[in-house]
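What follows is one structure encoded as structure tokens, with my remarks underneath.
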Amino acid sequence: TQLLEQSPQFLSIQEGENLTVYCNSSSVFSSLQWYRQEPGEGPVLLVTVVTGGEVKKLKRLTFQFGDARKDSSLHITAAQPGDTGLYLCAVIIQGAQKLVFGQGTRLTINP
Amino acid sequence: KAGVTQTPRYLIKTRGQQVTLSCSPISGHRSVSWYQQTPGQGLQFLFEYFSETQRNKGNFPGRFSGRQFSNSRSEMNVSTLELGDSALYLCASSRDFDEKLFFGSGTQLSVL
């Protein structure tokens, strides 16, 4: 079983619509990261959430860390074609110097 | 400030061959980690190096190895290639591991 479960796996919507993707686990984490990966490129860090219940905004993207620090969501308002990509959540495994990633949500925004 | 540079970008090999991939981190970054990305398994941790020392290794067979040089550049080697080794290999650097990671564009390896 995956440490981090992301849903949905695939999402295709029209430009201008809103969407939410999720990252869930049964484990508690001290922090959680969200990355976006575009075709032919490596992942780029979007945000790190640290405190339970924390909400961070990055332009039209809103990230929330669950109160129990087991899950997180990413909400995009008025999606644009430039938002297309693979969205990955990840956690740092303390003491192991490694990131564990979810399987990702592949998002396509159609003009 | 130059980003993380991985070479080559694309590589085609045949089963049984070996391959060496290179990663040049951002200047001043001493931690380099490697990940394998496949459609089925997603991103999987391979290993992490800091100041020429491997601090952790993922659950991959011994055919996968790596090293880091005194200038923080890193290489990974895969010997006796198998079809299942076809993947995007990503390198990431940071000043230390728990700081922000910067990924390179990856090396796309195809094993025929």
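The values are calculated or read from the model by the stated rules, or taken from the named source; none is laboratory data. In this text the structure is predicted, and so the values were computed from the model without any measurement. Virtual Cβ from ideal backbone geometry, glycine too; neighbours counted across all protein chains shown. Calculation scope for accessible area: heavy atoms of the full protein, side chains included, ligands and nucleic acids excluded. Shrake-Rupley method; radii C 1.70, N 1.55, O 1.52, S 1.80 Å.
Structure notes:
- Pairs from A:Lys56/A:Lys98; A:Lys56/B:Lys100; A:Lys59/B:Lys100 whose Cα-Cα separation, in the structure shown, is over 22 Å: A:Lys56/A:Lys98
- In the range B:10-81, the chymotrypsin sites (Phe, Trp or Tyr not before Pro) that fall in loop regions by DSSP, at most 13 other Cβ within 10 Å: B:Phe69
- Peptides A:29-42, A:1-14 ordered by average Cβ neighbours within 10 Å, highest first: A:29-42, A:1-14
- Computed from point charges on the beta carbon alone (+1 for Lys and Arg, -1 for Asp and Glu), the dipole magnitude for chain A about its Cα centre is near 240 Debye.
- Farthest towards the positive end of the charge dipole of the range A:11-76, among the residues A:Gly16, A:Thr62, A:Val50, is the Cα of A:Val50, using unit charges on the Cβ of Lys, Arg, Asp and Glu.
- Loop-resident sites, the range B:62-112, for GluC sites (Glu not before Pro), counting at most 12 other Cβ within 10 Å (DSSP): B:Glu82, B:Glu99
- Across the range B:41-55, the residues whose backbone nitrogen lies under 17 Å from the label position 7 Å along the beta-carbon direction of B:Arg30 are B:48-55.
- Separation of the A:Thr108 and B:Thr38 label points, Cα + 7 Å toward Cβ, nm: 2.4 nm
- Heavy-atom accessible area, 1.4 Å probe, ligands and nucleic acids excluded: residues of the range B:46-84 down by at least 20 Å² from chain alone: B:Arg55, B:Asn56
- Per residue accessible area of chain A, 1.4 Å probe, in Å²: 48 Å²
- Evaluated with a Cβ-only charge set (Lys, Arg +1; Asp, Glu -1), the protein assembly as shown carries a dipole of roughly 440 debye about its Cα centre, given to the nearest 20.
- With the convex hull of its Cα atoms as the shape, chain B has an orientation-averaged projected area of 6.4 nm².
- Scanning the protein assembly as shown for cysteines with no neighbouring cysteine C-beta under 4.7 angstrom from their C-beta gives an empty result.
- Projected label distance in nm at A:Lys59 and A:Thr1, using a 7 Å step from Cα toward the beta-carbon: 3.7 nm
- Label-point gap, in nm, between A:Phe10 and B:Arg15 - each point 7 angstrom along Cα→Cβ: 2.9 nm
- What you get for chain B, charging only the Cβ of Lys and Arg (+1) and of Asp and Glu (-1), is a dipole of about 180 debye around the Cα centre.
- Computed with a 1.4 Å probe on the full set of protein chains, the accessible area for A:Lys70 sits at about 80 Å².
- What a 1.4 Å probe finds exposed on chain A is 49% carbon and sulfur by accessible area, rounded to a whole percent.
- For the protein assembly as shown, dividing the convex hull volume of the Cα atoms by the residue count gives 124 Å³ per residue.
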